[in-house]
Amino acid sequence: MQTRIGVIGGSGLYEIEGLTDAEWVSVETPWGDPSDRILTGTIEGVPMAFLPRHGRGHVHTPTSVPYRANIDALKRIGVTDVISVSACGSFRHEMAPGDFVIVDQFIDRTVSREKSFFGPGCVGHVSVAHPTCPRLGDACEASAKAAGINVHRGGTYLAMEGPQFSTLAESRMYREHWGADVIGMTNMPEAKLAREAELCYASVAMVTDYDSWHPDHGEVDVSDIIATLTGNAAKARALVAGLPRLLGADRAPCPHGCDRALEFAILTAPEKRDPALLAKLDAVAGRVL
């Protein structure tokens, strides 16, 4: 199998530099339109695909992002490995604005989003005990260090609904009692859907602020976030540009089983499966259906 890297860019990251044969392509999915067209091309002979999570011009709120369509579209065009890049707030002194965190765990506090491709007529259960791919995390960490980025390996991402930022009481609770390290609004249900689609997934969280818990920084200020995003975006582009060399063009099966997550996940008996839903699952679950 050939590696094809898909990058979902969050706030501040709207392009990939260095792509050859770059082209914006439209992808139709049975789950609706993705956030935007997908920028395709190659870097060092490795196919790449870039999808702006909020759409160019930032038109989608964290809740209105069409997560299912985005993941389906990437799987449909042959993406094997997804790198999520997103802005976040930090609950840790040492995870300072401008730093990157390679997330490995999530707490999902979102409540208004469709979180699964499966449903009545085709019931599926996948494990997200370890929701990110360590192999991809290794590559992201190595690329970040090579680009001179101050990167932290491992961290728990609290996914909140938004679009408002946390209250002070919430920020303190997430930090002191729940053990979260960073907070954002977009990695859930994205990570869960990537697992259902049998895609390796890594999350690179770019710290922009200290949320509202920090006694010396006060509440989140959007103007400060935008200023930090500008610098973070340049670093994120450097990280992404280094991934093809690390991952290579030839791809072996994932040693952690991300690409086989559906092996025993579908419970509905074949004769009871809904043909309409099965048709929608052609890209996501076609391997097992």
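The values are calculated or read from the model by the stated rules, or taken from the named source; none is laboratory data. Worth saying up front: this structure is predicted, and the values here are computed from it rather than measured. Heads up, the Cβs are rebuilt from the backbone with ideal geometry, glycines too, and the neighbour counts pull from every protein chain shown.
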Q) How about the range 88-129: which of its residues are over 16 Å from residue 189 (Cα atoms) and assigned to a loop (DSSP other than H, G, I, E, B)? A) 91, 92, 93, 94, 95, 96, 97, 98, 99, 120, 121, 123
Q | Residue list for the range 110-139, restricted to those being surrounded by 18 or more Cβ atoms within 10 Å (Cβ to Cβ) and free of Cβ contacts under 8 Å to residues at least 60 places away in the same chain | A | none
Q. Just one of the numbered conditions (1) more than 22 Å from the chain's Cα centre (by Cα); (2) surrounded by 14 or more Cβ atoms within 10 Å (Cβ to Cβ); (3) in a helix (DSSP H, G or I) is not true of residue 276; which one?
A. (2)
Q. Would you call residue 6 of a type in the set (Gly, Ala, Ser), modelled with pLDDT of 95 or more and crowded, with 23+ Cβ neighbours inside 10 Å?
A. yes
(Q) Taking the criterion of being hydroxyl-bearing (Ser, Thr, Tyr) and surrounded by 16 or more Cβ atoms within 10 Å (Cβ to Cβ), would at least one residue in the range 140-150 satisfy it? (A) yes
(Q) Could you check the range 151-193 and list, in sequence order, the residues that are touching a Ser or Thr at 6+ places or on another chain (Cβ under 8 Å), farther than 22 Å from residue 6 by Cα and crowded, with 19+ Cβ neighbours inside 10 Å? (A) 160, 165, 166, 171, 174, 180, 181, 182, 183
Q: For the range 40-53, indicate whether the set of residues that are touching a Cys at 6+ places or on another chain (Cβ under 9 Å), outside any helix (DSSP H, G or I) and not basic (Lys, Arg) is non-empty.
A: no
